[in-house]
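Chemist: I am attaching a structure below and will ask some questions about it afterwards.
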Amino acid sequence: MVLKKFVESLSDEYKNSYTEGFNYSSDYELIIKLILSARALENKVETSGNLIVSLYKDYKSLSLASLDDIEEKIKPIGFFKQKALRLKKAAFYIFNSLNNKIPNTSYELIKIPGIGVKSARKYLSLKFHTQEVIIDTHFKRVLERLNFISSNSKNSEIENWYKSLISQNIHSSSSNLISYFGKKICLNQKPKCHLCQYKTFCNFFSSVHNR
Ligand code: SF4
């Protein structure tokens with residue numbers, strides 16, 4: 001299987017169910033949910049993110065909230081202590097150093113606590129419809145299981161390889177789609193292989209079923 005065909009096949013299969021991942025109505029809400037989203041299920045990001053946005057109306061109020069309170073509010077989400085600290089630090093930085101204005105470059109975005117390269121790219125693609133290869137753990141797991149990349153491939157190598165094979169105008173949507181497939185079907189633990197049409201190309205599937 002070649003990558004382009006895989007992406008086309010996913011697009012066909014999930015065209016009616018695929019979502020970009022976040023509901024948001026402001027920059028503030030988007031930044032909160034991006035920070036919460038690391039290694040977390042979408043429904044928990046939504047619930048915890050919505051609660052934070054409803055309780056703390058802006059960066060200033062979130063930066064002044066007690067860490068204990070923030071932790072308590074986002075407790076259902078994984079790594080809640082780490083994420084509570086990131087939320088508070090990000091809010092402080094955006095309020096004090098950015099005057100509440102979110103920058104529009106990756107270079108500036110990754111200075112915000114809790115926003116790494118992946119989140120910066122996601123922000124830019126959602127906000128400005130830029131074309132970014134968004135490499136996250138789900139994207140890598142799927143491509144590794146299907147033998148497109150190896151476990152020790154560096155993100156920069158994956159990005160260059162991906163760009164050489166996939167049209168630039170679908171970099172964001174296609175990489176998000178692969179990640180979506182990883183979140184919905186090709187789960188880290190207990191992937192739903194019975195629902196997957198790519199079994200014959202899959203290292204993971206053959207290693208489990210040929211034991
Ligand atoms: S067969 Fe299973 S492990 Fe392999 S790609 Fe499909 S869902 Fe993932």
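The values are calculated or read from the model by the stated rules, or taken from the named source; none is laboratory data. Source: prediction; values computed, not measured. Cβ sites come from the backbone with ideal geometry, for glycine too, and all protein chains shown count toward neighbours. Note: accessible area is taken over every heavy atom of the protein model, side chains too, but ligands, DNA and RNA are not part of it. Shrake-Rupley method; radii C 1.70, N 1.55, O 1.52, S 1.80 Å.
Chemist: Please count how many residues of the stretch 16-37 are under 14 Å from Ser48 (Cβ atoms), outside any loop (DSSP other than H, G, I, E, B) and without any contact (Cβ under 8 Å) to a residue 40 or more places away in the chain.
Modeler: Going through the stretch 16-37 one residue at a time, the tally reaches 2.
Chemist: Still on this model: Can you tell me which residue in the stretch 142-184 is farthest from Arg39 (Cα to Cα), limited to those that are away from the ligand (no atom under 16 Å from the Cβ) and assigned to a loop (DSSP other than H, G, I, E, B)?
Modeler: It comes out as Ser167.
Chemist: Just the residues that are under 20 Å from Ser150 (Cα atoms) and surrounded by fewer than 19 Cβ atoms within 10 Å (Cβ to Cβ), please, taken from the stretch 184-197.
Modeler: Once the filter is applied, which keeps residues that are under 20 Å from Ser150 (Cα atoms) and surrounded by fewer than 19 Cβ atoms within 10 Å (Cβ to Cβ), the stretch 184-197 yields Leu187, Asn188, Gln189.
Chemist: Also, quick follow-up: Filter the stretch 24-50 for residues that are open to solvent by 10 Å² or more (accessible area, probe 1.4 Å) and of a type in the set (D, E, K, R) and give the result.
Modeler: Taking the stretch 24-50 as the starting set, the residues that turn out to be open to solvent by 10 Å² or more (accessible area, probe 1.4 Å) are 24-29, 37-44, 46-47, 50.
Of everything in the stretch 24-50, those that are open to solvent by 10 Å² or more (accessible area, probe 1.4 Å) and of a type in the set (D, E, K, R) turn out to be Asp27, Glu29, Arg39, Glu42, Lys44, Glu46.
Chemist: Can you tell which of Ser173, Ser119, Ser167, Ser125 is under 17 Å from the mean Cα position of the chain (by Cα) and within 16 Å of Leu10 (Cβ to Cβ)?
Modeler: Working: Ser119 fails: within 16 Å of Leu10 (Cβ to Cβ); Ser167 fails: under 17 Å from the mean Cα position of the chain (by Cα); Ser125 fails: within 16 Å of Leu10 (Cβ to Cβ).
Just one listed residue meets the conditions, Ser173.
Chemist: So, one more: Among all residue pairs at least 6 apart or on different chains, which show Cβ distances below 6 Å where the first residue, located in the stretch 48-68, is touching a residue at least 24 places away in the same chain (Cβ under 8 Å) and the second is of a type in the set (S, T, N, Q)?
Modeler: These pairs meet every condition: Tyr59/Asn100.
Chemist: If we scan the stretch 114-137, do we find a residue that is in contact with an Asp or Glu (Cβ under 7 Å, 6 or more places away or on another chain), under 29 Å from Thr200 (Cβ atoms) and not basic (Lys, Arg)?
Modeler: Yes: one or more hits.
Chemist: Checking Ile102 against (1) more than 12 Å from Leu36 (Cβ to Cβ); (2) in a helix (DSSP H, G or I): exactly one of these is not met. Which one?
Modeler: (2)
Chemist: Give the stretch 104-126 a look and list any residue that's under 19 Å from Lys88 (Cβ atoms) and among the aliphatic types (A, V, I, L, M), or say none.
Modeler: Leu109, Ile110, Ile112, Ile115
Chemist: Checking Cys196 against (1) touching a residue at least 60 places away in the same chain (Cβ under 8 Å); (2) within 13 Å of the ligand (Cβ to nearest atom), only one condition comes out false. Which one?
Modeler: So Cys196 meets the others, but not (1).
Chemist: So is Lys44 at pLDDT below 95 and of a type in the set (Lys, Arg) or not? Quick ask: steps written out before the conclusion?
Modeler: Numbers: at pLDDT below 95: yes; of a type in the set (Lys, Arg): yes.
Spelling it out, Lys44 is indeed at pLDDT below 95 and of a type in the set (Lys, Arg).
Chemist: Within the stretch 51-97, count every residue that is over 15 Å from Ile112 (Cβ atoms) and crowded, with 17+ Cβ neighbours inside 10 Å.
Modeler: 11
Chemist: Which one is nearest to the ligand (Cβ to nearest atom), of the residues in the stretch 107-136 that are in a helix (DSSP H, G or I) and open to solvent by 70 Å² or more (accessible area, probe 1.4 Å)?
Modeler: Val117
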